[in-house]
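Here the structure is laid out as structure tokens; the discussion comes afterwards.
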Amino acid sequence: MRIEIKLRPAVEGTILPFNYNYEVYTQILEKIYLISPELARGVETSHTDYFTFSRIMVRKRELIPEAGIRVLSDDVSLYVSSHSAELIKAVAEGFLDDPALKIKDATFIADDVKVLREPEIKDEMLFSTLSPIMVRTVKFVDGRMKIWDLYPSDDMFFDKLRKVMLMRYSAIYGHMPEDKDFKIEVLKFKPVRILVRDTYFRSSLMVFRYTGSHELAKFGYETGFGEKTRYGFGMVKVIDSEPTQEHQG
């Protein structure tokens, strides 16, 4: 289930900071707490990522070096997605009860929240990222273990992505998907670096062709591809010949 949240800048000339993922995550969690504290506690304390969200889509903007993005459009969009209808309904109701979203000095007001039409998910899809995909591994560097962020240009990227998706699927559903195999062909990608709290994560915005497990395709669409999806990584949209409102963003 997926929603679009239309957010209006509280003041003209609002500057959206470049790095806002953690603030958005914590406030999505706060909205869930308003509606269902028990659900929110379960989401917050679990090591499993139950949802994902997009970058904040600013249709008309001006880049301000060292500061952020000056919002020139009347509103911006944030998409939130999960396999759990209960969780998404709590997020939507939370924004309706408390429509403010604050990111450092920037404040946005939720004017509209709507459920998006679900696309047909098949075992062959063309996806584009709404937030970058992050995949990690552990390497030995100078005799010490070091966490290493992978790009699609790294040979290990695809194998690690498959393992991550299987682990996450199993953690949520309690069993492995019937079909465990899939492949992705990356048509283009752009490396990005995002600060979450005090850690930079390297990740990839990309367009890719997915073939294989229908279950994992649907799971990836609903909860995100890759790791740390709760912090705004791995959300994808379906590219097709009849774009929905979401695709037009």
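No lab work stands behind these numbers, since they all come straight from the coordinates. Because the structure is a prediction, the values reported are computed rather than measured. Methodologically, a virtual Cβ is constructed for each residue, glycine included, from the backbone with ideal geometry; neighbour enumeration extends over all protein chains shown.
What the table below lists for this structure:
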item: Two-site FRET efficiency, Lys114 against Lys139, from Cβ-Cβ distance with R₀ of 51 Å, rounded to 0.05; result: 0.70
item: Within the range 113-184, GluC sites (Glu not before Pro) in DSSP loop having at most 14 other beta-carbon neighbours inside 10 Å; result: Glu120, Glu178
item: Degrees separating the helix 85-97 axis from the principal Cα axis of the chain, which is the longest one; result: 20
item: Alpha-carbon spread of the range 2-116, three principal axes, descending order, Å; result: 40, 26, 20
item: Viscosity 1.567 mPa s, temperature 4 °C, Stokes-Einstein D of the chain from Kirkwood C-alpha radius, µm²/s; result: 70
item: Spacing of the two label points (7 Å from each Cα toward its C-beta) at Asn19 and Glu185, in nm; result: 3.7
item: Simple label model, 7 Å out from Cα along Cβ direction - Arg209 to Ser153, nm; result: 2.3
item: Viscosity 1.002 mPa s, 20 °C: Kirkwood-radius Stokes-Einstein D of the range 124-238 over Cα pairs, µm²/s; result: 149
item: Of Phe182, Phe95, Phe225, the one that fluctuates the most in a GNM where the chain has Cα springs shorter than 10 Å; result: Phe182
item: Nearest-ten-degree value, helix 214-223 long axis tilted from longest Cα axis of the chain; result: 30
item: R0 of 25 Å, Cβ-Cβ distance Arg193-Ser46: FRET efficiency to nearest 0.05; result: 0.40
item: Distance between the range 138-190 and the range 80-122 - C-alpha centres, whole angstrom; result: 28
item: Calculated P(r) of the range 87-181 - Cα pairs past 20 Å, %; result: 65
item: GNM top mover of Tyr79, Tyr210, Tyr221 - the chain, alpha-carbon springs below 10 Å; result: Tyr210
